[in-house]
1. Pairs please, first residue from the stretch 343-370 and closer than 15 Å to Phe54 by Cβ, second anywhere and assigned to a helix (DSSP H, G or I) and of a type in the set (Phe, Trp, Tyr), Cβ atoms under 6 Å, 6+ apart in sequence or on different chains.
2. Condition test on Phe229, is it open to solvent by 40 Å² or more (accessible area, probe 1.4 Å) and aromatic (Phe, Trp, Tyr)?
3. Out of the residues in the stretch 258-282 that are outside any helix (DSSP H, G or I) and not polar (S, T, N, Q), which is least open to solvent (accessible area, probe 1.4 Å)?
4. For Thr50, only one of the following conditions fails: (1) open to solvent by less than 10 Å² (accessible area, probe 1.4 Å); (2) modelled with pLDDT under 80; (3) polar (S, T, N, Q). What is its number?
5. Given (1) aromatic (Phe, Trp, Tyr); (2) open to solvent by 10 Å² or more (accessible area, probe 1.4 Å); (3) modelled with pLDDT of 85 or more, where does Phe246 come up short, assuming only one miss?
6. Here are Ile295, Ile315, Ile291, Ile311: which of them is open to solvent by 40 Å² or more (accessible area, probe 1.4 Å), in contact (Cβ under 8 Å) with a residue 60 or more places away in the chain and assigned to a helix (DSSP H, G or I)?
7. Considering only the stretch 29-41, I want to know if a residue exists there that is of a type outside the set (A, V, I, L, M, F, W, C) and open to solvent by less than 10 Å² (accessible area, probe 1.4 Å).
Amino acid sequence: MSSSLRHIRGFAWMLAALVALGPLAIDAYLPAIPLMAEDLNTSLHNIELTLSLFLIGFAAGQLIGGPTSDRYGRRLTILIGLSLFMAGSLITALGSHIELLWVGRLLQAFGGGMGVVNTMAMVRDRYSGRESAQVLSKIVTILMIAPLAAPFIGSFLLLFADWRSIFFFLFLYAAILLVVLRLALPETRLAEHVSVISPLRRYLAVLKNRQALAFLFSVAMSNAGMFAFITGSPGVYMGYYGVSEFIYPFLFGANILALSLSNQINIRLLHRFSTTQILRVGQSIQLILGISMIITTLLLQLPLGFLVAQIMLFIGMQGFIVANGMSGATDYFPHSAATATALISASGFTLGALSGALVGLLGDGTPYAMVAVMAACPLIGIVLREWLQRPVTVVQK
């Protein structure tokens, strides 16, 4: 890799700002969900459905954006995605019926997915192995500002305007980002890495690689557990425990601080341990915490503070799982990094939409459904990883 590409001024900041589209669009409107249901005269479930639809649209955008990026370039795909995100934000902000919100959120998510999928690909264009995982951890650390700040931004805007101002803010953020990246971010995909293989064949190549799939499911199930919390937390914290929409961001933000700390620890651990070793520890701790939450919530019914502490540690373990899993998987596909990233990330958002919908379907106004789904996710992730990474015996005929 040329030294000019390895020293792009503000590279990590620009990529972190791009990835921030996802958490900003997901988390900023969480404090407004009860108000949105009241204003649009619809059920809380219909508003919560906008989150699942966003995750589905985000996954679809990544599946389309990954091959497009590998074929036509990172910058073009990013700029198209940001434009679609802006259009979806406007439709959502101006929507007067729940159906328009669904359409707007889908378009917003599709555009966001097209842009965000390039982040890992651009890192892979320039780095590999442990260096890639370390750079990703740095980006994630910077990125932590977005999910930490997003609920506070939403609550702050609600002090002066209605819920629509949150989506106008998202439109403005994307517009500024579009201008900055258009002017400052160069193309990182090398000409010799341009792939002429069809997207379907590239996706099949990833799906046929058992080792890559082991990392894929590890990341995807970890994300599914996080989205189960994101979907269920407004109802659990504000509904069941009676927390106000202004205190909720503080409880939500505590998880981001835990995740930021674990990312910093991960950067240091990578000097001594492999990505796979750290990932295994993160998954194991998540499973233990998931079981603990089920036991303490169902049997002991401990106060909110104890549940918040367990969830903080659970979400924090993603710092040991996501960057290492993404790095491990994409190392197998140096010429199709965006395609591999798209499949990994899209799987996470798709399973996140499923876990979130499951929380809503099983929810009874208590934390039980949320913690049960959260606990199931690392269990499934570990089982799939162990199965896919086991040695395959070839029978000689």
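1. Listed pairs, sorted by first residue: Phe349/Phe58; Gly352/Phe227; Ser355/Phe227; Gly356/Phe227.
2. Details: open to solvent by 40 Å² or more (accessible area, probe 1.4 Å): no; aromatic (Phe, Trp, Tyr): yes.
Criteria not met by Phe229.
3. As a first pass, look at the stretch 258-282 and keep what is outside any helix (DSSP H, G or I): 270-274.
Keeping just the survivors that are not polar (S, T, N, Q) gives 270-273.
On the way: Leu270: 1, His271: 130, Arg272: 182, Phe273: 79 Å².
Per the criteria, the residue is Leu270.
4. Thr50 satisfies all of (1) open to solvent by less than 10 Å² (accessible area, probe 1.4 Å); (2) modelled with pLDDT under 80; (3) polar (S, T, N, Q) except (2).
5. Failed condition: (3).
6. On the way: Ile295 fails: in contact (Cβ under 8 Å) with a residue 60 or more places away in the chain; Ile315 fails: open to solvent by 40 Å² or more (accessible area, probe 1.4 Å); Ile311 fails: open to solvent by 40 Å² or more (accessible area, probe 1.4 Å).
Every option except Ile291 fails the conditions.
7. Step one: of the stretch 29-41, the residues of a type outside the set (A, V, I, L, M, F, W, C) are 29, 31, 34, 38-39, 41.
With open to solvent by less than 10 Å² (accessible area, probe 1.4 Å) added as a condition, the list becomes 29, 31.
Within the stretch 29-41, one or more residues are of a type outside the set (A, V, I, L, M, F, W, C) and open to solvent by less than 10 Å² (accessible area, probe 1.4 Å).
The values are calculated or read from the model by the stated rules, or taken from the named source; none is laboratory data. Keep in mind the model is a prediction, meaning the values are calculated, not measured. Counting neighbours? That spans all protein chains shown, and the Cβs are built from the backbone with ideal geometry, glycine included. Surface areas here come from the heavy atoms of the whole protein model, side chains and all, with no ligands, DNA or RNA. Shrake-Rupley method; radii C 1.70, N 1.55, O 1.52, S 1.80 Å.
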